[in-house]
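Visitor: Structure incoming, see below.
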Amino acid sequence: MVKIYPRSEHCISRSKISENALKVLIRLKKANFEAYLVGGCVRDLLLGREPKDFDVATNASPEQIKQIFRNCRIIGRRFRLAHVFFGREIIEVATFRGSEPDESDQQVVHEDGRLLRDNVFGTLEQDVWRRDFTVNALYYNIRDFSVVDYTGGMQDHTAGVLRLIGDPATRYREDPVRMLRAIRFAVKLGFSLHPDTKQPIHQCAELLKSIPSARLYDEMLKLFLSGYGLQTFEMLRHYGLFAILFPATDKCLETQEQDFPRLFLIKALDNSDKRFASGKSLTPYFLLAAILWEPLQLAVKKRMLAGENETIAYQNAANQVLSDQIKITAMPRHITQAMRDVWFLQNKFTRTVGVRPFRLLEQVKFRAAYDFLELRAATGGSDPQLVEWWTQFQLADEELRQKMTTPTKGSQGKPRRKSGRYRSKVKSAIQE
Ligand code: ATP
Ligand code: MG
């Protein structure tokens, strides 16, 4: 049954809505169409948070929307919808989806239950049931500023509960990415998963394998680069989803007796969350290089045992690890190249004599590689003294740099060997 919350019963103020979104809503209204804000923006406004973007739902068809807005493009195949452009801001305007599968080719369901195309248009009442979570199915009506709720989303919102609309297993089968969305929203909003929403995830996790790798890459970035990477990682592992996204890493985490791979990854995620919190930019390649570091090490070890020299082993292992991962999450080439750079520079840090340190300093990815080295040192994976040396080297003037890189007796600039004593520092590094 529908429940309408009038303006006096909710906290959404027009002053918090993007001006461009308001323009779209008002223009649609003036053209005699229904127009609502829907999805994450309503959910976030109700929490008093600033929405990431504003989505509009309407009974106007994509073609009708295009007639109203000149600055508009129709996009999508699986879901056709309109993007209305205002400089850098894009307002996504979607036509209500119908609920009944029809005979035309507008809706295509794969034999495994996945919805491949869904372009049957309908009414708001039908559109509601197509949405994923009840808290994502609240509609802010521009006509009277009320919130329309068909699914009990407002109550769930107040209780901090994330609940899938309809039968959870069926909804996960229709679109397995909803499992990742469940984790992402639970962590981001601090909501708990409703028991029914939680229950089928383990069993349905494998279904994610059917998702195109480009879409999984996009979802993966949202999961890890939105400021809650560490919590997300823990929860994905708990539900067996991390193993689908990063099987090689998951295997390392399971089989290695020591805590190091886990600690390294945790520290990497924690660092990147802290960077996000302080407003710094996050680069996908750094985190991806960290996530796949242990599988890389394992592959290098195997290859070296089989007789490959270190440099060749690193190159071949990187090719292998990256090509396996790309099948699951399609990483663009510039990202994999940057990951390789960060990885390959790691060994070069051990050369602290002669011209090599100067050359390393000039590498484009020097800073990222140095940060990576620091992260490894903080979790027992490399020599903290080496990090210290590089910190000083960067700060030093030319004269000191020359001094630092002049060979002393017995020093040939050979790689330093790791010693066990760093390991005792691991715990404190993580807890700091
Ligand atoms: P945010 O933009 O903050 O990440 P959001 O909820 O707005 O969160 P979007 O991906 O922008 O997420 O989607 C907008 C809305 O579209 C959602 O709130 C939901 O109602 C609906 N939606 C998106 N993806 C799906 C899906 N896979 N299945 C069902 N409904 C979906
Ligand atoms: Mg959104």
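Visitor: Just the residues that are loosely packed, with under 15 Cβ neighbours inside 10 Å and farther than 28 Å from Glu399 by Cα, please, taken from segment 325-366.
Guide: Here is the first cut: in segment 325-366, the ones loosely packed, with under 15 Cβ neighbours inside 10 Å are 327, 332-334, 337, 347, 354-355, 358-359, 361-362, 364.
Selection gives Lys327, Pro332, Arg333, His334, Gln337.
Visitor: Please pick out the residue among Gly240, Gly190, Gly166, Gly229 that is surrounded by fewer than 20 Cβ atoms within 10 Å (Cβ to Cβ) and within 23 Å of Pro51 (Cβ to Cβ). Explain how you work it out, then say what you get.
Guide: Working: Gly240 fails: within 23 Å of Pro51 (Cβ to Cβ); Gly166 fails: within 23 Å of Pro51 (Cβ to Cβ); Gly229 fails: surrounded by fewer than 20 Cβ atoms within 10 Å (Cβ to Cβ).
Going through Gly240, Gly190, Gly166, Gly229 in turn, the sole match is Gly190.
Visitor: Still on this model: From the residues in segment 30-45 that are in a helix (DSSP H, G or I) and aliphatic (A, V, I, L, M), which one is nearest to Phe69 (Cα to Cα)? Break it down into steps so the answer makes sense when it comes.
Guide: Residues of segment 30-45 that are in a helix (DSSP H, G or I), as a first pass: 30, 40-45.
From the residues that got through so far, the ones that are aliphatic (A, V, I, L, M) too are 42, 45.
Working: Val42: 23, Leu45: 26 Å.
Among residues in segment 30-45 that are in a helix (DSSP H, G or I) and aliphatic (A, V, I, L, M), the one nearest to Phe69 (Cα to Cα) is Val42.
Visitor: Could you please find all residues in segment 278-296 being out of contact with any Phe, Trp or Tyr (no Cβ under 9 Å at 6 or more places or on another chain) and modelled with pLDDT of 95 or more? Talk me through it step by step, then tell me what you get.
Guide: As a first pass, look at segment 278-296 and keep what is out of contact with any Phe, Trp or Tyr (no Cβ under 9 Å at 6 or more places or on another chain): 278-281, 283, 285.
Those that are out of contact with any Phe, Trp or Tyr (no Cβ under 9 Å at 6 or more places or on another chain) and modelled with pLDDT of 95 or more: Ser278, Tyr285.
Visitor: Next up: Sort out which residues of segment 52-61 are in contact (Cβ under 8 Å) with a residue 24 or more places away in the chain and either under 15 Å from Asn20 (Cα atoms) or within 16 Å of ligand 1 (Cβ to nearest atom) (or both), and write them in order of number. Can you show your working first?
Guide: So in segment 52-61, the residues in contact (Cβ under 8 Å) with a residue 24 or more places away in the chain come out as 53-61.
Listed by number, the residues that qualify are Asp53, Phe54, Asp55, Val56, Ala57, Thr58.
Visitor: Regarding Gln67, is this residue at pLDDT 90 or above, assigned to a helix (DSSP H, G or I) and exposed (fewer than 14 other Cβ atoms within 10 Å of the Cβ)? Before the answer, list the steps.
Guide: Numbers: at pLDDT 90 or above: yes; assigned to a helix (DSSP H, G or I): yes; exposed (fewer than 14 other Cβ atoms within 10 Å of the Cβ): yes.
So Gln67 passes the test.
Visitor: Pull out all pairs, ordered by first then second residue, where Cβ-Cβ is under 6 Å, the residues are six or more apart or on different chains, the first lies in segment 140-163 and is modelled with pLDDT under 95, and the second is surrounded by 20 or more Cβ atoms within 10 Å (Cβ to Cβ).
Guide: Close Cβ pairs satisfying both conditions: none exist.
Visitor: Exactly one of these conditions fails for Val38: (1) at pLDDT below 95; (2) under 27 Å from the mean Cα position of the chain (by Cα); (3) among the β-branched types (Val, Ile, Thr). Give me its number.
Guide: If we test Val38 against (1) at pLDDT below 95; (2) under 27 Å from the mean Cα position of the chain (by Cα); (3) among the β-branched types (Val, Ile, Thr), just (1) comes out false.
Visitor: Right, next: Given the structure, is Arg27 touching a strand residue (DSSP E or B) at 6+ places or on another chain (Cβ under 9 Å), in a loop (DSSP other than H, G, I, E, B), more than 16 Å from ligand 2 (Cβ to nearest atom) and not acidic (Asp, Glu)?
Guide: no
The values are calculated or read from the model by the stated rules, or taken from the named source; none is laboratory data. Every value quoted in this text rests on a predicted model; they were computed, and no experiment measured them. Heads up, the Cβs are rebuilt from the backbone with ideal geometry, glycines too, and the neighbour counts pull from every protein chain shown.
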